[in-house]
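Each remark here refers to the structure printed beneath this line.
Nothing in this text is a laboratory measurement; each read-out follows from the coordinates by a stated rule. All of these numbers come straight from a predicted model, not from anything done at the bench. We place every Cβ from the backbone using ideal geometry, glycine too, and count neighbours over all the protein chains shown.
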Amino acid sequence: MKYNIGIAGAGVAGLAAGILLQQAGHQVTMLEARSVAGGRIQSLVMNGFHVEAGPEFIHGNAKETIRLLKKYNIPFVPCDGKMYTAFNGHFQEEEEMITGWQDLLEQMQNLKMDLPFGEFLNKYFPGAEHKDLRHSAVGFAEGFDLVDIKTASTKALAIEWLAGESGQYRISVGYYSLIQSMEKEFISAGGKILFHHAVESVDCSLKDIRVYVKGLQPFVMDKFLICLPVGMLNPSATTFEGITFNPPPEQLNTFAQIGFGSVIKLVTIWKSSFWKTQIPDAHFIFSNGFIPTWWTQFPLDLPILTGWLGGPGAEILSHEPDEFFLEQALETLSAVFSKTVSELKNILFDFKVFNWRKEMWSGGAYSYATVKSFQSKVSSLKSWQSRMYFAGEAIYEGAHPGTVESALVSGLEAANLLLAEI
């Protein structure tokens, strides 16, 4: 039997699910609020350079991501540069392991009852002797995982950190090349994508599912798969109204408990790669500056530095204008490279700020597990009455949370579950 299946969201999870469902012989229609597919994956061209607004790296052994890149013949290169910490114009190469880090991981692994990460650190690593370790752990959790340590699950962080997969890769032609290839495959298989179609409400009270988009007659579906950021399912976490449901599925209570982190990402393009005179092999540069994390395009020789401010700090400052972050970036880089702000302004060619908290159809960057949400099994979130399904990076169990890989895996799992329940 051929089913009429709707998907809310043409991001990577929706596209992965859509391809599988369309190829299984069903008619799939995607409703996408934006003017383009990709969701939080958006590559721009600035002054001839590919710039990533959202995800930029492939972290570790991301099997599904790498499988698709190879399938579509999209080249990717290892990011094998070095990590440096800046101190008053001097650079120190980062060690592979922070002192005490292995003890921290072991304690996280052996934790019997889950705790918020901040509480865990204060309980098991108190005192002045662990001050540097706590500082590093909080910086990594907030900066990389975007968590609020007052609510983040220590057990969830342990699963990710203990995976210990090294290596990062970058798609030299832009992450959006993956979206374009998936979109082409989906449409070639007979799938449809309707852009500027933001789902406002879903009515499951009748035999058919009715999906409402403002100003249009309802779409009537046999099955409906929702592949949207968790902020869209938890209106209290965003600045806009999320989707309303009739009747509301019980999963909404858990979605409201999932953390959703913020990021300020600042891409700066320079007249030359001035940092190469001091640290020619640098990939990441860390400091105690306002914007603490920077990276180059190494091994590509491009005059681009990207700054990253994540977690609660980005949330608090998300209302600030772009010019505020540029000034803070210049102050930070001035201290890092011992150059005056005026000198930096003279060699700055262009910049772009990506403030994901302000992005209308995301309301944040990516999710993290809180103590409350981690107690709920992800498997229980995927299906509601075998009629409505949920997928996305927030609905994922594994070692790659908050990544393109997690969205891909979740989309495929949801599609396979839907097919199994038909």
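From the Cα gyration tensor of the range 58-171, with a ≥ b ≥ c the square roots of its eigenvalues, which class applies: rounded if a/c is under 1.5, or else prolate if a/b is larger than b/c, or else oblate? The partial results should precede the final answer.
Numbers: a/c = 2.59, a/b = 1.44, b/c = 1.80.
Note, shape of the range 58-171 comes out oblate.
Could I get the Rg over Rh figure for the range 41-99? Both from C-alpha atoms, Rh via Kirkwood, rounded to two places. Could you put the intermediate results ahead of the total?
Details: Rg = 16.1 Å, Rh = 14.8 Å.
Across the range 41-99, the Cα-based Rg/Rh ratio is 1.09.
Mind computing the radius of gyration and Dmax over the alpha-carbon atoms of the range 370-410? Å is fine for both.
10.5, 29
Amide H to amide H, which residues 5 or more places from Leu115 or on other chains are under 5 Å from it, using H placed in the peptide plane?
Those qualifying (amide H under 5 Å, at least 5 residues apart or on another chain) are Thr154, Lys155.
Among all the aspartates and glutamates, which ones have a C-alpha under 19 Å from Lys345's C-alpha, if same-chain residues fewer than 8 places away are not counted?
By straight Cα distance, Lys345 reaches Asp322, Glu323, Glu327, Glu331.
By the gyration tensor of its Cα atoms, with a ≥ b ≥ c the square roots of the eigenvalues, what is the shape of the range 309-422: rounded for a/c under 1.5, prolate for a/b over b/c, or oblate? Don't skip to the answer; put the middle values down first.
Numbers: a/c = 3.21, a/b = 2.98, b/c = 1.08.
Note, shape of the range 309-422 comes out prolate.
Which cross-chain or sequence-distant (5 or more) residues have an amide H under 5 Å from the amide H of Val263, H modelled 1.01 Å from N in plane?
Under 5 Å from the amide H of Val263 lie the amide H atoms of Trp356, Arg357, Ala365, each far enough along the sequence or on another chain.
Using Cα-Cα distances under 8 Å and only pairs 6 or more residues apart, what relative contact order does the chain have, in percent? List each step's numbers first, then the result.
Values: 849 pairs, mean separation 102.5, N = 422.
Averaging sequence separation for qualifying contacts and normalising by length gives 24 percent for the chain.
Evaluate 2.2 N^0.38 Å with N set to the residue count of the chain, then give the Cα radius of gyration divided by it. Spell out each step's value before the answer.
Numbers: Rg = 21.9 Å, N = 422, 2.2 N^0.38 = 21.9 Å.
Cα-based Rg divided by the globular estimate yields 1.00.
Report, in listed order, any pair from Lys70/Lys358; Lys265/Lys372; Lys150/Lys372; Lys271/Lys358 with a Cα-Cα distance greater than 22 Å.
Details: Lys70/Lys358 34 Å; Lys265/Lys372 29 Å; Lys150/Lys372 12 Å; Lys271/Lys358 29 Å.
Cα-Cα > 22 Å for Lys70/Lys358; Lys265/Lys372; Lys271/Lys358; rest within.
Could you tell me the center-to-center distance, by alpha carbons, between the range 298-360 and the range 25-73 in angstrom?
24
Ranked highest first by the average count of other Cβ atoms within 10 Å around their residues, in what order do 288-301, 404-417, 167-180 fall? Walk me through the intermediate numbers first.
Details: 288-301: 18.4, 404-417: 24.9, 167-180: 19.9.
Per-residue mean Cβ counts within 10 Å order the peptides as 404-417, 167-180, 288-301.
Using the Karplus curve 6.51 cos²θ - 1.76 cosθ + 1.60 with θ = phi - 60°, what ³J(HN,Hα) values do you get for each residue of the range 404-411, in whole Hz, with x for Gly and Pro?
4, 4, 5, 5, 4, 4, 5, x
Which of the lysines could a cross-linker span from Lys63 if the Cα-Cα distance has to be under 18 Å and same-chain partners fewer than 8 positions apart are dropped?
Output for Lys63: Lys71.
Can you list the HN-Hα couplings for the range 123-134, worked out from phi with the Karplus curve (6.51, -1.76, 1.60; θ = phi - 60°), rounded to whole Hz and with x for Gly and Pro?
So the J values, rounded to whole Hz, are 7, 9, 9, x, x, 5, 5, 10, 4, 5, 5, 4.
In vacuo Debye scattering of the range 144-275, one point per C-alpha: log10 I(q)/I(0) at q = 0.10 Å⁻¹?
-0.58
Quote to one decimal, in nm, the extra length available between Glu129 and Asn346 on full extension: 0.36 nm per residue of separation minus the C-alpha distance between them.
73.7 nm
Kirkwood-based Rg over Rh for the range 133-198 (C-alpha set), two decimals?
On the way: Rg = 18.8 Å, Rh = 15.9 Å.
Rg divided by Rh gives 1.19.
Once Rh is set to the Kirkwood radius over Cα pairs, what Stokes-Einstein translational diffusion coefficient, in µm²/s, holds for the range 338-392 at a temperature of 20 °C and a viscosity of 1.002 mPa s?
Values: Rh = 16.0 Å.
Result for D is 134 µm²/s.
Using the alpha carbons of the range 238-362, what is the convex hull volume per residue in cubic angstrom, as a whole number? Don't skip to the end; give the middle numbers.
On the way: hull volume 15.8 nm³, N = 125.
Given the Cα convex hull of the range 238-362, per-residue volume reads 126 Å³.
By count of other Cβ within 10 Å, fewest leading, how are Trp275, Trp356 ordered? Intermediate results must be reported in sequence, preceding the final value.
Values: Trp275 20, Trp356 25.
Ascending number of Cβ neighbours within 10 Å: Trp275, Trp356.
Can you list, largest first and rounded to whole Å, the semi-axes you get for the range 247-307 by taking the square root of 5 times each eigenvalue of its Cα gyration tensor?
39, 12, 10
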